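Below is one structure, written out as structure tokens, with a few remarks after it.
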Amino acid sequence: MGNIQVRLPDGKTTEVSSGLKIQELAASLGIDSNVIAAKIDGVAVDLDRALSRDCTLDWISLNSPEGLDILRHSTAHLMAQAVQDLFPGTQVTIGPTIEDGFYYDFKRDRSFTPEEIEKIEACMRELAALNLKVAREEIARESAIELFRRMGEEYKVEILGDIPEETVSLYRQGDWVDLCRGPHVPSTGAIRAFKLTGVAGAYWRGDEKNEMLQRIYGTSWPTEEALREHLRLLEEAKKRDHRRLGRELDLFSFHPLAPASPFFHPKGAFVYNELVSYMRRLYLRYGYQEVITPQIFDVELWRRSGHYDHFKENMYFTRIEEREFGVKPMNCPGHTFIYASKKRSYRDLPLRYADFGRLHRFEKSGVTAGLTRVRSFSQDDAHIFCAPDQIEGEMAALLKMLREVYQTFQFTEMQVKLSTRPDHFIGSLEVWGRAEDSLAQSLKKEGIAYQVNPGDGAFYGPKIDFVVLDALRRGWQLATIQLDFSMPERFDLSYVTPGGTEARPVMIHRAILGSIERFMGILIEHCAGALPVWLAPVQVRVMTVTDEQKEYAQKVFEELKALGWRVELDGRNEKLGYKIREAQVEKIPYAAVIGDREVKEQTISPRRRGGENLKPMCVKDFVEMLKAEVTQALGN
RNA sequence: GCUGGCGUAGCUCAACGGUAGAGCAGCUGAUUUGUAAUCAGCAGGUUGUAGGUUCAACUCCUAUCGCCAGCUCCA
């Protein structure tokens, strides 16, 4: 065995004898114990791996994203070991890492009870304490198939059947073995801070036609502190849950007799309408015209549009006078009728029809959730009818509008996905290709990075989806832009070109907030219920210190009200601290405190939600301040 | 729809085979109070619904509805 040259992360090169294990090299270099794996020329490997050629070496620390991923994967293995120790006969399937954690799917006749989960967790701690060495082993695929078949692991055998390589790797810890690509932590003792977080059913390979497996979720971290911090964030998210805030702030509620259909209370309805007004103001500037269209249509319409063939499972139907009707799940077909109500010229295009019409979509029970997934909703929906050569300009305008909207709501980050032709589609392949290219071109032109989501388009055309990240960095899909050459065809839409010939317009389906319901839910979580002043159902609460100031407070209240501010008066016989607390809990942006001093000086003392006390000021100055705040937020 | 969990007062939760209890909210009264909770009293529940087991059911069983966590699907 000769010597080899190893280039270390610090740029220095060291000469070691071939066959030296990375671990041994690390020990000799005094590398800290957080290093749990390494990279040879960029490929992640176990510390147990021997160095056999000249290479560049990088350390993978527990604190790096790659290290965390390895830790979590190893924790999934540890869990699988515990499960098979405790419940012989349970088969393992797959156990990948996910954001902040991992899961492992098991084949077992019954599901895991909370008590069993506790037992599994305890068993995992014991196995971790044993600090079992995690050893990699490479064997021929055929031998692996033989091995897992003997062990009764049918799923592993199936997985092995799909692996093209002739050699596969196994990982052993104690007497437990699993098929795995690796790498893993060197020994189970590296797994320090973990918690099993949930159980759920999951279909084998994610297909509901397959048998259901039992999934256990968990999370794993380098330190106890990191684990605690993660659990704290989960608690924080719970506090922001819009379902909880919706009740606490008296915005909306649900009733079992109208499942998945929200009731907006006065304050919630105010916010809802204000969101719609906001979009209407934008429509004025961006050249949209609002239309109102029917709620139910003869199924004939849905047959023509393709919804009957491709969206029927999500629709509500009703029969009357021997005629079958479908409640609209989308506005688009209705808009084609307005388009087709007269002869159109190229001079009319683009035509932008906006519609806040109520939509109903049947969603399988079990998928609905709060405001984010409902059966009755409306969208800031619009359909743009334009000539093919206008697509680009429309897309650019749309992206500008979209950015403006997201900035207003302080969604500073977004991800973009281009979804292509699904299995169920209408129209020709050629037309689909054209539409997909158009969308991709537009994104490139605007310099927007995007991922492709194959097969995720609407049945009538490809789409661009926009996912925003909220304050807790959770992703939410809001906007969608869909390019449609089929609907104009199906409804035989046309316009007269400059040359006097007839041409087919293109339809762009688009929504920026998405559904108003869903957007409201996301916005509530984003701002933790503290809506910006312009959107808050109550903007100011005027409050007295004692009854002495009631008269003046009433005057201030009337004054603000007359100026159009949404204001309430709290003249109750309670301590100021009590009134302040209530206003704070209700997340009202401003409390206007009035005591004897204010009466004497004809001022108010505003207090911002959050605790900031402002100097006493006259009502006029206060109003100017509010105005400036609104203007700043809305940028106009 | 599927897997699992959970439904007790408006809200948060207790009681877990022996005829339902607390805090907050609500109402009444006292208190006139300066930036996140003044005190006292009162009222409020056929324990989601329908069956069943039992001398006895909030508690055990079955069905059903709803909610929650996932799977699948999606705005």
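Between the beta carbons of A:Glu225 and A:Lys343, assuming R0 = 60 Å, the FRET efficiency works out to 0.25 to the nearest 0.05.
Just order A:133-143, A:246-256, A:483-493, A:512-522 by mean Cβ neighbour count inside 10 Å, highest at the front, would you?
Numbers: A:133-143: 14.2, A:246-256: 16.7, A:483-493: 20.3, A:512-522: 23.8.
Top of the packing list down: A:512-522, A:483-493, A:246-256, A:133-143.
Packing-based ranking of A:36-44, A:199-207, A:326-334 yields A:326-334, A:36-44, A:199-207, ordered from highest to lowest mean Cβ neighbour count within 10 Å. Simple rule: put +1 on each Lys or Arg Cβ and -1 on each Asp or Glu Cβ in chain A, find the dipole, and look at A:Val630, A:Ala511, A:Leu234; the Cα lying farthest toward the positive end is A:Val630.
Excluding A:Asp492 itself, calculate the net charge of residues whose Cβ lies under 11 Å from the Cβ of A:Asp492, where each Lys or Arg counts +1 and each Asp or Glu counts -1. After counting each charged neighbour, the total is +1. Normalised Debye scattering of region A:66-237 at q = 0.14, 0.15 Å⁻¹ gives log10 I(q)/I(0) of -0.73, -0.84, counting only Cα atoms as equal scatterers and leaving out solvent. Checking the a/c ratio against 1.5 first, then a/b against b/c, what shape does the Cα gyration tensor give for region A:3-61? Since a/c stays below 1.5, the shape of region A:3-61 is classed as rounded. The residue list A:Ser261, A:Gly42, A:Thr90 was ranked by how far each Cα lies along the charge dipole of chain A toward its positive end, using unit charges on Cβ atoms, and A:Ser261 comes out on top.
Does chain A classify as rounded, prolate or oblate by the C-alpha gyration tensor (a ≥ b ≥ c root eigenvalues; a/c under 1.5 gives rounded; else a/b over b/c gives prolate, otherwise oblate)? It comes out oblate by the Cα gyration axes. At q = 0.13, 0.29 Å⁻¹ the log10 of I(q)/I(0) for region A:127-186 amounts to -0.34, -1.24, computed by Debye summation with a single uniform scatterer per C-alpha, solvent ignored. Under a 5 Å amide H cut-off, with hydrogens placed 1.01 Å from N, A:Val593 pairs with A:Met543, A:Ser605, A:Arg607 among residues at least 5 apart or on other chains.
Would you kindly state how much longer the chain becomes between A:Leu563 and A:His265 on full extension, computed as 0.36 nm times their sequence separation minus their alpha carbon distance, in nm to one decimal? Don't jump to the answer; show the numbers that get you there.
Details: separation 298, 0.36 × 298 = 107.28 nm, distance 2.44 nm.
Length difference between fully extended and current span is 104.8 nm.
Axis angle, to the nearest 10 degrees, between helix A:550-562 and the longest C-alpha principal axis of chain A: 90 degrees. Note on A:Met212 and A:Gln407: the extension gain reaches 65.9 nm, defined as 0.36 nm multiplied by sequence separation minus the Cα-Cα distance.
At full extension, A:Asn573 and A:Lys444 could sit 40.2 nm farther apart than now, given 0.36 nm per residue minus the alpha carbon distance.
Calculate one ³J(HN,Hα) per residue across region A:84-98 by plugging θ = phi - 60° into the Karplus curve 6.51 cos²θ - 1.76 cosθ + 1.60, and present them in order as whole Hz with x for glycine and proline. These are the phi-based 3J(HN,Hα) values: 6, 5, 7, 10, x, x, 6, 8, 8, 10, 10, x, x, 8, 10 Hz. Along the axis of the charge dipole computed for region A:499-558 (Cβ charges of +1 for Lys and Arg, -1 for Asp and Glu, origin at the Cα centre), the listed residues A:Val542, A:Gly521, A:Ala553 are led at the positive end by A:Gly521.
Once Rh is set to the Kirkwood radius over Cα pairs, what Stokes-Einstein translational diffusion coefficient, in µm²/s, holds for region A:449-608 at a temperature of 10 °C and a viscosity of 1.306 mPa s?
Working: Rh = 20.3 Å.
My calculation gives 78 µm²/s for D.
By accessible area, using a 1.4 Å probe on protein heavy atoms only, region A:3-61 has 45% of its surface on carbon and sulfur. Only the Cβ atoms of Lys and Arg (+1) and of Asp and Glu (-1) were treated as charged; on that basis the dipole of chain A about its Cα centre amounts to roughly 1760 debye.
The values are calculated or read from the model by the stated rules, or taken from the named source; none is laboratory data. All values reported here derive from a predicted model rather than from experimental measurement. Cβ sites come from the backbone with ideal geometry, for glycine too, and all protein chains shown count toward neighbours. All accessible areas refer to the heavy atoms of the entire protein, side chains included, with ligands and DNA or RNA removed. Shrake-Rupley method; radii C 1.70, N 1.55, O 1.52, S 1.80 Å.
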